[in-house]
Amino acid sequence: MKIIKILNNDHCSLSFEVFPPKVSTSFEQVKPAIEKIAKLRPSFMSVTYGAGGGTGRYTLDIAEDIRNRYGVPTMAHLTCVSSTKETVAEKIRELKAAGIQNVMALRGDLTPDMKLSDSDSWDYCHAIDLVRELRESGADFCIGCACYPEVHPESANQTEDIKYLKEKVDAGCDFITTQMFFDNNLLYNFLYKIREAGITVPVVPGIMPITRAVQLERALKLSGSFMPQRFKAIVDRFGHDDFAMTQAGIAYATDQIIDLYANGVRNVHLYTMNKPEVARAIQNNLSSIIGK
Ligand code: FAD
């Protein structure tokens, strides 16, 4: 099923993101966790793609497996910046052959040795190039793209970021999923600005439940997200105790999601970090709201 259909539904729903193993030898460790998450029957699941393509082959395998065995609609992520035209064309052929209907088209992060000033020699500079190729591929993909309520770290400012986001959407993107954020007001502000800029596609807020203090450090470094004082106090107080932090992190994420639903959001995407117990606890907290 195409994700855009799910997003156009009127009821509140929850989708999950999982990631493939970083090295092939850990596939068997990751698989059971992903299966447990799929058994929760979220509205859809997305499977990330290694920026350098390292574990890229598992993205497709996992997306196919979840869809075939659990009947959960899936979305395969695909990045382009570290790839050649040939490898991307091959990936698109594989997605088509596997009957994958939903693709998250991403640029991918630049590796430390990549400088934008050298980008003339790259096959891909931005996600928009991949969106165009997916559209021209002849497959009727439902295409998702990334967006950044707190501005992408490489952008000069939000106006420029939203200008490029609009171009990406106009190139054929059906919906956009946000980077994680911990203050919903930032999302509401962003929604207002993109609607003003003429971006009308559905926006799927991405929520990351923080269950370890060390995970928060990594997440903030990666995303540059603002940490509200209310959340900082929780981490300061419970960060040293894994059980307490898990409970508090689940409660904080649940609170954020309920506020999003109450303010008109329909589908929220949960960055599960391959933790079935966290996904289950949040889903249980929302059971009457999402009808699970
Ligand atoms: P782009 O849309 O290309 O934007 C990158 C930067 O370039 C922005 O500053 C933008 O404003 C600017 N820009 C865009 N178009 C132009 C243009 N035409 N001219 C000049 N500047 C432009 N990474 C992975 O490796 N694997 C994943 O599976 C993955 N999944 C993700 C899922 C979500 C929901 C999000 C939010 C991020 C994900 N990422 C993933 C991280 C993502 O790859 C990085 O954030 C990356 O740095 C940017 O990717 P993008 O697709 O947003 O790039």
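The values are calculated or read from the model by the stated rules, or taken from the named source; none is laboratory data. No experiment lies behind these values; they were computed from the predicted model shown. We place every Cβ from the backbone using ideal geometry, glycine too, and count neighbours over all the protein chains shown.
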Write out, first by first residue and then by second, each pair whose Cβ atoms fall under 8 Å of each other, whose residues are 6+ apart or on separate chains, and whose first residue, in the range 161-184, is outside any strand (DSSP E or B) and acidic (D, E) while the second is within 10 Å of the ligand (Cβ to nearest atom) and at pLDDT below 95.
none
Show the residue pairs meeting these rules: Cβ distance below 7 Å; 6+ apart or different chains; first residue within the range 71-83 and part of a strand (DSSP E or B); second residue among the charged types (D, E, K, R) and more than 9 Å from the ligand (Cβ to nearest atom).
T74/R67; L78/K91
Residues located in the range 2-22, provided they are away from the ligand (no atom under 16 Å from the Cβ), outside any helix (DSSP H, G or I) and out of contact with any helix residue (DSSP H, G or I) (no Cβ under 9 Å at 6 or more places or on another chain):
K2, N8, N9, D10
Identify, from the list I128, I207, I162, the residue that is closer than 20 Å to I3 by Cβ, of a type in the set (V, I, T) and within 10 Å of the ligand (Cβ to nearest atom).
I128
In the list A63, A33, A51, which residue meets the criterion of being at pLDDT 90 or above, closer than 23 Å to C145 by Cα and either part of a helix (DSSP H, G or I) or of a type outside the set (F, W, Y) (or both)?
A63
Within the range 89-98, of all residues that are among the hydrophobic types (A, V, I, L, M, F, W, C) and under 20 Å from the mean Cα position of the chain (by Cα), the one farthest from the ligand (Cβ to nearest atom) is I92
Within the range 1-26, how many residues are surrounded by 15 or more Cβ atoms within 10 Å (Cβ to Cβ), free of Cβ contacts under 8 Å to residues at least 60 places away in the same chain and over 18 Å from R67 (Cα atoms)?
1
Can you pull out every residue in the range 99-122 that is modelled with pLDDT of 95 or more, in a loop (DSSP other than H, G, I, E, B) and away from the ligand (no atom under 11 Å from the Cβ)?
G99, I100, Q101
I want to confirm something. Restricting to the range 92-137 and keeping residues that are in contact with a His (Cβ under 9 Å, 6 or more places away or on another chain) and in contact (Cβ under 8 Å) with a residue 60 or more places away in the chain, which single residue is nearest to Y164 (Cα to Cα)?
A105
Could you list all residues from the range 131-148 that are away from the ligand (no atom under 15 Å from the Cβ) and more than 15 Å from F175 (Cα to Cα)?
E136, S137, G138, A139
Can you tell me which residue in the range 58-79 is nearest to the ligand (Cβ to nearest atom), limited to those that are more than 15 Å from V30 (Cβ to Cβ) and surrounded by fewer than 21 Cβ atoms within 10 Å (Cβ to Cβ)?
E64
Return the residue satisfying two criteria in turn: it lies in the range 181-204 and is within 14 Å of the ligand (Cβ to nearest atom) and buried (at least 20 other Cβ atoms within 10 Å of the Cβ), and of such residues it is nearest to P112 (Cα to Cα).
F181
Is there a residue being surrounded by fewer than 15 Cβ atoms within 10 Å (Cβ to Cβ) and either more than 11 Å from the ligand (Cβ to nearest atom) or at pLDDT below 95 (or both) anywhere in the range 169-180?
yes
Restricting to the range 234-292, name every residue that is farther than 20 Å from A38 by Cβ and basic (K, R).
R237, R266
When you scan the range 185-222, how many residues do you find that are more than 24 Å from S13 (Cα to Cα), of a type outside the set (A, V, I, L, M) and part of a helix (DSSP H, G or I)?
6
